[in-house]
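The values are calculated or read from the model by the stated rules, or taken from the named source; none is laboratory data. These numbers come from a predicted model, not from an experiment. Don't worry about glycine lacking a Cβ; one is built from the backbone with ideal geometry, like all the others, and counts go over all protein chains shown. Note: accessible area is taken over every heavy atom of the protein model, side chains too, but ligands, DNA and RNA are not part of it. Shrake-Rupley method; radii C 1.70, N 1.55, O 1.52, S 1.80 Å.
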There are 2 protein chains.
Amino acid sequence: MELRPVLYILGILLSVLALSMTIPMIADLYVGHEDWKVFFLCMVFTAFFGGALTLSNSGHNLRITHRQGFLMITLTWVALCFFSATPLWMSGLGISFTDAFFEATSGITTTGATVLTDLDNMPRGILLWRALLQWLGGIGIVLMAMSILPFLKVGGMQLFQTELSENEKAIPRTAKFASSIGSIYLALTIVNIVCYRLAGMEFFDATAHALSTISTGGFSTRDSSFTQFEGAAIEIIAITFMILGGLPFILYMKALGGDWKALFRDSQVRWFLSIVLIVTIIMTAYLLLSSHAGFGTSLLHALFNIVSVITGTGYTNEDYGRWGGLPVSIFFFLMVVGACAGSTTCGIKIFRFQVLYAVTDVQIKKLIFPNGVFIPHYNGRPIPESVPISVMSFFFLFALIFALVAVILSMMGLDFMTSMSASATALSNVGPGLGEVIGPAGTFKPLSDGAKWILSVTMILGRLELFPLLVMLSPQFWRK
Amino acid sequence: MELRPVLYILGILLSVLALSMTIPMIADLYVGHEDWKVFFLCMVFTAFFGGALTLSNSGHNLRITHRQGFLMITLTWVALCFFSATPLWMSGLGISFTDAFFEATSGITTTGATVLTDLDNMPRGILLWRALLQWLGGIGIVLMAMSILPFLKVGGMQLFQTELSENEKAIPRTAKFASSIGSIYLALTIVNIVCYRLAGMEFFDATAHALSTISTGGFSTRDSSFTQFEGAAIEIIAITFMILGGLPFILYMKALGGDWKALFRDSQVRWFLSIVLIVTIIMTAYLLLSSHAGFGTSLLHALFNIVSVITGTGYTNEDYGRWGGLPVSIFFFLMVVGACAGSTTCGIKIFRFQVLYAVTDVQIKKLIFPNGVFIPHYNGRPIPESVPISVMSFFFLFALIFALVAVILSMMGLDFMTSMSASATALSNVGPGLGEVIGPAGTFKPLSDGAKWILSVTMILGRLELFPLLVMLSPQFWRK
């Protein structure tokens with residue numbers, strides 16, 4: 001296999017990572033914190049590898065094949081997790097490499113599970129770095145979902161094939177496309193910062209939170225996450241931008257191209273918003289009946305946490321682990337749902353449920369009329385033949401990996417609810433789990449190193465949509 | 001739709017049920033218990049309906065169509081649950097109709113979840129009736145899985161299509177086939193009774209337990225299930241016959257026809273036994289490391305409970321809920337696995353995992369070689385085109401119904417582990433769940449009436465392999 005295009009892209013992405021390390025460095029220099037040296041060193045270290053890989057592999061054919069594609073996305077995400085962990089490891093935090101790797105992976109996969117406590121007193125450079133990792137991860141997944149995953153036909157993503165993802169990939173064209181999407185992403189982030197600032201957040205908090213809101217990441221600058229911020233306005237802004245982060249970014253491009261209705265015509269968007277609406281009604285009713293809070297508070301608490309969990313953000317403005325049996329079950333299942341394909345969110349994703357529903361519906365019709373011809377549809381169009389099996393394999397693998405990770409975690413001594421929810425929250429890149437330890441009010445710090453490594457791998461598996469890592473484990477992949 | 005063949009078969013099955021009520025009636029007469037009158041009345045009541053339906057619908061065309069097939073299996077299982085609940089309801093137990101229906105449904109679906117306590121002092125008629133229901137349910141599901149489900153193409157069961165299940169169903173031929181399978185089932189039961197008796201059980205206990213062992217039902221005559229019986233011999237007999245109940249009965253027919261090797265050639269059997277073996281090794285090692293029991297005891301406890309859960313029997317010889325985190329997680333996932341298709345067991349079943357595995361494996365190969373041609377195989381043969389989608393729809397529906405029932409149960413106030421495991425154990429027809437209330441040491445008695453009805457419906461859904469009930473909910477089914 002020709003490795004040069006793969007290493008070239010890895011080099012470029014490492015250079016981007018190195019470049020972004022200057023931001024926390026400048027922040028630490030500005031407030032006079034020692035950690036600026038750490039960011040500087042790590043930047044040099046990362047830039048060295050990035051630069052070397054880029055220079056030594058440039059100028060070649062920039063079209064990549066399927067095998068190169070799988071190798072590329074796996075290698076880049078793992079390498080990015082590793083390099084972005086270095087500043088956390090070497091900083092004044094004094095954490096182990098395991099913790100640093102977990103935190104960086106949780107950041108760049110936009111999971112938002114943390115092993116750090118006392119965030120409120122943490123140096124700004126570190127807080128900014130965590131937020132930046134999520135922001136970079138967010139745009140990374142959008143671009144990956146729009147260009148390379150449909151080309152690789154991972155888990156039914158071929159449904160979203162456009163001229164951009166057909167046949168062999170032409171990198172220059174992807175780069176042009178990436179800059180359009182990147183601009184939209186940046187614009188949304190800036191609007192989000194301004195909104196948070198206007199609603200009363202300090203500039204630094206507004207920036208850090210905007211970076212992890214639009215990327216549906218969920219890292220906060222406070223231990224208590226959104227419980228800290230007063231006023232419904234901030235929560236409504238967060239809800240809005242988490243939802244915006246959960247919609248397919250291709251629709252924003254269409255909207256900018258003049259086709260505003262595209263957003264409302266898309267059946268994935270309609271399903272996503274309907275699910276949020278229905279669950280919010282149930283949960284609000286439950287909170288009204290079971291607590292002493294009024295309608296407004298109940299609605300806001302329900303909506304905020306539901307949107308946070310379904311988009312895989314993982315912010316909390318209340319310890320919903322204490323809401324009782326029904327919310328805990330609902331949040332457990334919501335974790336794996338995810339939002340739209342082509343957004344910054346993770347999990348199984350709405351379009352897969354639509355495909356599964358359409359196929360199952362056709363199955364039931366076929367059982368009644370064995371000789372009838374029924375074709376499952378998605379978004380008003382017949383689903384291409386290869387998609388159902390692809391989506392269903394994804395669903396099966398998701399269930400299998402979920403079960404396997406849960407069993408391994410329970411082998412490491414975690415209780416039933418903790419191991420179940422840790423597996424689900426990592427695989428879906430949500431963030432907090434359920435139960436005392438890793439629930440909305442806890443952190444992943446008390447877990448053993450083994451559990452943290454398992455969960456780190458699970459987060460990467462989830463972020464890569466399961467198949468790429470498994471493809472590389474297959475002996476066929478390495479056959480000449 | 002022509003209802004006569006459906007009602008004719010319903011009539012015959014109700015007559016069989018009525019006839020079998022004479023057995024507990026005789027038992028109660030023999031020991032001089034008042035309940036014999038109840039069984040007599042219920043027998044007359046059931047025989048009246050059964051007889052009337054048979055007589056008024058006989059002599060017609062005995063071929064049935066798909067729609068009639070779905071209506072038939074749904075109607076008969078629901079009706080059988082209802083009629084077999086009547087003796088429990090009217091007996092000296094003094095339980096509500098909800099409890100009686102739950103117990104009867106749990107019996108006839110071979111689930112084995114109970115709402116009754118103080119079994120040790122219960123009249124023999126009732127104990128025998130519970131055991132008989134499981135025995136009848138067991139043979140019912142074997143026959144259904146071998147004749148009508150492949151014909152209806154439910155959840156991939158068309159894999160097991162033989163000349164018997166092709167095209168429109170001819171009832172007389174099915175009846176002949178049923179009597180061969182029934183004889184094998186009866187013979188296995190008698191051998192099981194003799195073995196239990198020789199190992200030291202009283203004749204009554206041996207009979208009642210044999211009826212619920214070979215049917216992988218799980219009702220016991222003792223509150224403490226197999227904890228009550230001393231000696232490894234009894235447990236080894238139970239393990240053997242639970243496994244025999246979990247193998248495809250068609251292979252016994254082949255073995256009797258001279259092809260003894262068929263049992264070992266079948267890949268479903270090999271997978272099933274391998275899974276039991278691997279999990280037993282892990283669990284035995286865990287028990288050796290975590291408790292003070294010796295190797296023999298650990299192995300026997302592990303093997304007994306693993307076989308009991310995976311075959312959906314639900315006997316216990318230890319409160320495995322207290323074994324700690326790992327066993328609880330493993331038992332939770334084992335619940336839904338089930339054993340072989342065409343056996344008395346329920347759950348997802350091994351062949352579906354084989355199909356899912358084969359399809360996913362092909363998917364991964366296709367990702368690597370997009371232009372390659374790969375065909376998934378089952379048991380050495382290519383899987384027919386309609387099977388993968390059928391199996392995958394089953395898997396998706398199973399997950400969906402599991403989630404829905406778990407959420408509804410938690411809405412009724414059950415805690416996380418109880419609602420999760422109750423949903424899984426009912427849908428898979430296992431029996432006990434996890435946690436304090438419904439775990440191996442508890443019963444379903446404390447649950448609310450609403451929860452019991454939900455679980456009763458879930459047990460029937462699981463037993464009918466999900467689709468038939470859903471097919472009947474579809475408006476298309478009722479269209480002329």
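Look at the alpha carbon pairs under 8 Å that are at least 6 residues apart: their mean separation over the length of the stretch B:350-478 gives a relative contact order of 17 percent.
The packing ranking of peptides B:76-83, B:447-454, highest mean first, is B:76-83, B:447-454, where packing means the average number of other beta carbon atoms within 10 angstrom of each residue. Rounded to the nearest Hz, the phi-derived 3J(HN,Hα) couplings of the stretch B:100-110 under the Karplus curve 6.51 cos²θ - 1.76 cosθ + 1.60 (θ = phi - 60°) are 5, 5, 4, 5, 5, 5, 4, x, 6, 8, 6, where x marks glycine and proline.
Normalised by the number of residues in chain A, the mean separation of alpha-carbon contacts (under 8 Å, six or more apart) gives a relative contact order of 17 percent. Derived scalar couplings between HN and Hα for the stretch B:331-338 equal 4, 4, 6, 4, 3, 8, 5, x Hz in order, rounded to whole Hz, by the Karplus curve 6.51 cos²θ - 1.76 cosθ + 1.60 (θ = phi - 60°), x for Gly and Pro. Distances between equivalent label points of A:Val457 across the copies, with each point positioned 7 Å along Cα→Cβ, amount to 4.2 nm, shortest listed first.
Its residues counted as N, the stretch B:168-238 yields a C-alpha radius of gyration over 2.2 N^0.38 Å of 1.37. Converting the Cα gyration tensor eigenvalues of the protein assembly as shown into ellipsoid dimensions via √(5λ) gives semi-axes, longest first, of 54, 30, 26 Å. Take each residue in B:396-408, count the other chain C-beta atoms within 10 Å of its C-beta, and the mean is 4.
Label points for A:Ile184 are taken 7 Å from Cα along Cα→Cβ. From this copy to the others they lie 6.0 nm apart, shortest first. Summary of packing: across the peptides B:135-147, B:219-231, the per-residue average of other C-beta atoms within 10 Å ranks them, highest first, as B:135-147, B:219-231. Take the alpha carbon gyration tensor of chain B, find the square roots of its eigenvalues, order them as a ≥ b ≥ c, and report rounded if a/c is under 1.5; if not, report prolate when a/b exceeds b/c, else oblate. It comes out rounded by the Cα gyration axes. For A:Ile108, neighbours were defined as the other residues whose beta-carbon sits under 14 Å from its Cβ, and their charges (Lys and Arg +1, Asp and Glu -1) total +1. Rounded to the nearest Hz, the phi-derived 3J(HN,Hα) couplings of the stretch A:29-37 under the Karplus curve 6.51 cos²θ - 1.76 cosθ + 1.60 (θ = phi - 60°) are 4, 4, 8, x, 9, 3, 4, 4, 5, where x marks glycine and proline.
Going by accessible surface with a 1.4 Å probe and the largest first, A:Cys195, B:Cys42 read A:Cys195, B:Cys42. Taking Cβ atoms as reference points and 10 Å as the exclusive limit, the residues near A:Phe374 contribute a net charge of +1, counting Lys and Arg as +1 and Asp and Glu as -1. Using the Cβ atoms and a cut-off under 14 Å, what net charge is assigned to the surroundings of A:Leu29, where Lys and Arg are +1 and Asp and Glu are -1? In short, -1. In the calculated pair-distance distribution of the stretch B:319-376, the portion above 13 angstrom amounts to 70 percent of the Cα-Cα pairs. Taken residue by residue and averaged, Cβ atoms of other chains lying within 10 Å of the Cβ of A:366-376 number 4.
Over all residues in A:356-364, what is the mean tally of Cβ atoms on other chains that come within 10 Å of each residue's Cβ?
Average per residue, whole number: 6.
At 1.4 Å probe size, with the rest of the protein present, what percent of the exposed accessible area of the stretch A:265-337 is carbon and sulfur atoms? Summing carbon and sulfur atoms, their accessible area is 69 percent of the total for the stretch A:265-337.
Give the calculated FRET efficiency between A:Ser183 and A:Ser290 to the nearest 0.05, with a Förster radius of 56 Å applied to their Cβ-Cβ distance.
Result of the calculation: an efficiency of 0.80.
Sorting A:370-376, B:461-467 by their mean Cβ neighbour count within 10 Å, with the most densely packed peptide first, gives B:461-467, A:370-376. Globularity index of the stretch B:265-337 is 1.07 (Cα radius of gyration / 2.2 N^0.38 Å, N = number of residues). Extension gain for the segment A:Lys261 to A:Ala175, taken as residue separation times 0.36 nm less the Cα-Cα distance, is 28.3 nm to one decimal.
Based on the Cβ-Cβ distance from A:Trp478 to B:Leu473, what FRET efficiency comes out when R0 is 56 Å, to the nearest 0.05? So, using R0 = 56 Å, E works out to roughly 0.70.
For A:Thr22, the point set 7 Å out from Cα toward Cβ sits 9.5 nm from its twins in the other copies, listed from shortest up. Among chain A residues, the one whose Cβ is nearest the axis of the rotation from A to B, given with its distance rounded to whole Å, is A:Met392, 2.
Ranking B:His301, A:His292 by solvent-accessible area of protein heavy atoms (1.4 Å probe, all protein chains present), from largest to smallest, gives A:His292, B:His301. Distant-in-sequence amide contacts of A:Tyr378, defined by a placed amide H-H separation under 5 Å and a gap of 5 or more residues or a different chain, comprise A:Ile383.
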